[in-house]
Amino acid sequence: MTNGANQTVVTEFVLLGLHEHHNLEMVLFVLCLGIYSVNVLGNALLIGLNINLALMDICGTSSFMPLMLVNFLEAQSTISFPGCALQMYLTLTLGSTECVLLAMMACDRYVAICQPLRYSELMNSQTCTWMAVLSWGAGFANSLLNSNLTWSLPFCGHNIINHFFCEILAVLKLACGDISLNTLLTVVSAVVLTLAPLLFIFLSYVCILTAILRVPSAAGRHKAFSTCSAHLTVVVIFYGTLSFMYFKPKAKELNLDKLIALFYGVVTPSLNPIIYSLRNAEVKAATIALGDLSRKMSCFPVVL
């Protein structure tokens, strides 16, 4: 379609991915399908125990994974303009929400270790609800602001996104208008919703570590540390891959950047149910009970 100024108006985007390496895409298809299945099934089992984080991981990967798996099997991958806008909005929302939610979880761990006698009073259902609302509200607001500013730009001509999905920085490269305001907003968002929560988490764990070192017995210190070890592991993996993706020197091979982004978006969320299930006594008990029930059921003959 062309407008009055004789410029081509973009109505769909081509997702470049790794189509020049079809064999590698077949390997990635099998690998990502397996990881995505573990992510959905694992988080579905944990959704009653860690509903916010589990729901976020399922929705986050589902916002781009099904289409990406289909694209691995296609000769050329396309996504409509509205579909690209929706995908960007969802990935931005869920990524921002997880950053804030991890900080809220650090606050929960701080109260559990440093104020154990007041935990039930301080971390009541109302407080937890407000923490969840704050996390999701910040994610939705940040995504709405960045997405609206991005899609208000003109896209006229180039429509090949050099990525697996509609990642905001990859989309901004295709705009034919001034993106200086978008760049500034992206930096501000990163500071407020990524670095500030990380600083809060760091300070929380300084206080937690100080409190743990004051515990006189080794058994007591081990029990206190195990209370927050799962959350700390998730924080290290999440922020470690995020930092490596955005703060490393620019790779000469663009395909490496795409594979790193794929690891961050696919593998990291899939590790959360594994980490939390290993540290959660209720999950262990439920797993053992399910195994016992399966063995008992197998003892009964199947009548057709």
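The values are calculated or read from the model by the stated rules, or taken from the named source; none is laboratory data. What you are looking at is a predicted structure, and each value in this text was computed from that prediction instead of being measured. Please note: Cβ atoms are built from the backbone with ideal geometry, for glycine as well, and neighbour counts cover all protein chains shown. Just so you know, the surface numbers come from the protein's heavy atoms only, side chains and all, with ligands and any DNA or RNA stripped out. Shrake-Rupley method; radii C 1.70, N 1.55, O 1.52, S 1.80 Å.
Matching residues to (1) at pLDDT below 65; (2) surrounded by 21 or more Cβ atoms within 10 Å (Cβ to Cβ); (3) of a type in the set (A, V, I, L, M); (4) part of a helix (DSSP H, G or I):
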site	(1), (2), (3), (4)
LEU33	no, no, yes, yes
TYR36	no, no, no, yes
MET56	no, yes, yes, yes
GLY60	no, yes, no, yes
MET68	no, yes, yes, yes
GLU74	no, no, no, no
CYS84	no, yes, no, yes
Select from segment 146-196 the residues that are open to solvent by 30 Å² or more (accessible area, probe 1.4 Å) and in contact with a strand residue (DSSP E or B) (Cβ under 7 Å, 6 or more places away or on another chain) and list them in ascending order. CYS156, GLY157, ASN159, ILE160
I need the full set of residues from segment 1-30 which are open to solvent by less than 50 Å² (accessible area, probe 1.4 Å), at pLDDT below 75 and among the aliphatic types (A, V, I, L, M), in order please. VAL10, LEU18
Residue that is surrounded by the most Cβ atoms within 10 Å (Cβ to Cβ) [pool: residues in segment 197-225 that are assigned to a helix (DSSP H, G or I), without any contact (Cβ under 8 Å) to a residue 40 or more places away in the chain and among the small types (Gly, Ala, Ser)]: GLY220
Has segment 115-124 got at least one residue that is surrounded by 15 or more Cβ atoms within 10 Å (Cβ to Cβ) and modelled with pLDDT of 80 or more? yes
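Give segment 123-179 a look and list any residue that's hydrophobic (A, V, I, L, M, F, W, C) and in a loop (DSSP other than H, G, I, E, B), or say none. Show your work before the answer.
As a first pass, look at segment 123-179 and keep what is hydrophobic (A, V, I, L, M, F, W, C): 123, 128, 130-134, 136, 138, 140-141, 144-145, 149, 151, 153, 155-156, 160-161, 164-166, 168-172, 174-176, 179.
If the condition is that a residue be hydrophobic (A, V, I, L, M, F, W, C) and in a loop (DSSP other than H, G, I, E, B), then MET123, LEU153, PHE155, CYS156, PHE164, PHE165, CYS166, LEU174, ALA175, CYS176, ILE179 are the ones that fit.
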